[in-house]
C-alpha cells in the first residue's frame, strides 16, 4: 500500500468484507494511521488459469471462466480510466491500481467515510427512486461514449457470451427470437455505457436513502440504458403483489433521464432518446428473461408478471 499511496499511509489492520466469485480474490477494508485517509477498500484479484471446479448453477465451463476473467480486467480498466471522469459521488474513487501478471489490485475509496455505504435488502420507494435516478444520470452522462477497454456489449447476460445457456433453453419464443432481440437492442441509434450488473446489492445508500453510489463494474460496456433498468427492477419488485405495477418507476427513470440529458448532452434530442428507449424496455427485459430461462428457469425473476410483460414486448415487435 505504501508503494501506491506513499509513506504517509501505514496499514494498521484489515477486515475481510467478502470473497470474490468462485475464489477469484477477496475484498477487504484496510485501516490506516493517517487521519486524512483512515480507511480504504482493497479489491485483490487473482485470476486462475483454468475454470474453477465449482459453480452454484453448474456453469463451470471454460467460456464462463474466460468471461469472468475479462470482467475483472474490464473493471480494472474502468477504475483506471473512466471513474475519475464522472461527477464525484457516483462511484468510489480509485486511489490506486496495480497489476502484475494475473494479480490485480484496486485501492478504492471507502464509502463509509462519506456515509454512503448502506446496502439494503428490502428497499423503500425512496431508495428505488434514488437508484433509478442514478441510472438515468449515468446513462445520460455516458451517451455515445466509445467502449474502449470495456465490454463492447455490457451486461453479464448478453447473448454473445451465453451460448451454453441459450442451448440449454427449451423451445420457446424467447429462444427462437434471441438473435432478433439482441439485434434490435444493439441497432438502437442511442447507445450509452450500461453498468451491466445494476442489481440492488450493487447500490450503496446514505442513511436517508436520498444519495447513492454504485459498485461492482465488472460488466460495464455498451448498450441501451433500459437494460440496466430491467435488471434493477427485477431485484426490487415484489412479484407476489397482485397490484404490482412498474409504471411509476418507469416514469421516475425517464423523467430523470430527460433532465440529465438536457444537462450532460445539450446537443442531443432528449425526447427522442426517451422515446426510443421507452419502446425497448420490455424487449430489454425479454433479453434478460431469455438468459434466465437457460441459466435457471425456476428463478424467482421468472414469473407470471415478467412473462406477461416480456411476451407483450415480443408481440409488439412481432417476434
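Bear in mind these aren't lab numbers, they're just calculated from the coordinates by the rules spelled out. Remember, it's a predicted structure, so these values are computed and weren't measured experimentally. With ideal geometry, Cβ positions are generated from the backbone for all residues, glycine too; neighbour counts draw on all protein chains shown.
Label 7 Å along Cα→Cβ of residue 186; the stretch 65-96 residues with amide nitrogen under 19 Å?
The answer is 67-68, 70-71.
Tell me the label-point distance for the pair residue 112, residue 152, using the 7 Å Cα-to-Cβ offset, in nm and rounded to one decimal.
Going by the 7 Å Cα→Cβ label model, 4.2 nm.
Given a Förster distance of 30 Å, report the FRET efficiency between residue 14 and residue 126 from their Cβ-Cβ distance, rounded to the nearest 0.05.
Between residue 14 and residue 126 the formula returns 0.35.
Roughly how many Å is it from the Cα centre of the stretch 146-196 to that of the stretch 255-274, as a whole number?
Using only Cα atoms, the two centres lie 25 Å from each other.
Could you identify which residue out of 208, 192, 161 has the top mean-square fluctuation in a GNM of the chain using Cα springs shorter than 10 Å?
Maximum among the listed residues: 208.
Please say if the stretch 164-283 is rounded, prolate or oblate, where rounded means a/c under 1.5 for a ≥ b ≥ c the square roots of the C-alpha gyration tensor eigenvalues, and otherwise the choice is prolate for a/b larger than b/c and oblate otherwise?
Oblate, because a/c is 1.5 or more while a/b does not exceed b/c.
Work out how much length residue 303 to residue 172 would gain on full extension: take 0.36 nm times their residue separation and subtract the Cα-Cα distance, in nm to one decimal.
Computed gain between residue 303 and residue 172 is 45.6 nm.
With springs connecting C-alpha atoms under 10 Å apart, model the chain as a Gaussian network and identify which of 85, 162, 133 has the largest mean-square fluctuation.
Checking each option, the largest mean-square fluctuation is seen for 85.
Rounded if a/c is under 1.5, else prolate if a/b is larger than b/c, else oblate: which is the stretch 260-319, with a ≥ b ≥ c the root eigenvalues of its Cα gyration tensor?
It is prolate, given that a/c is not under 1.5 and a/b is the larger ratio.
Using a Förster radius of 45 Å, what is the FRET efficiency between residue 267 and residue 100 based on their Cβ-Cβ separation? Nearest 0.05, please.
0.55
For the pair residue 258/residue 21, report the inter-label distance in nm, with labels modelled 7 Å from Cα in the Cβ direction.
It works out to 3.6 nm between the two label points.
With springs only between Cα atoms under 10 Å, which of 259, 198, 91 fluctuates most in a Gaussian network model of the chain?
Per the Cα network of the chain with a 10 Å cutoff, 259 tops the list.
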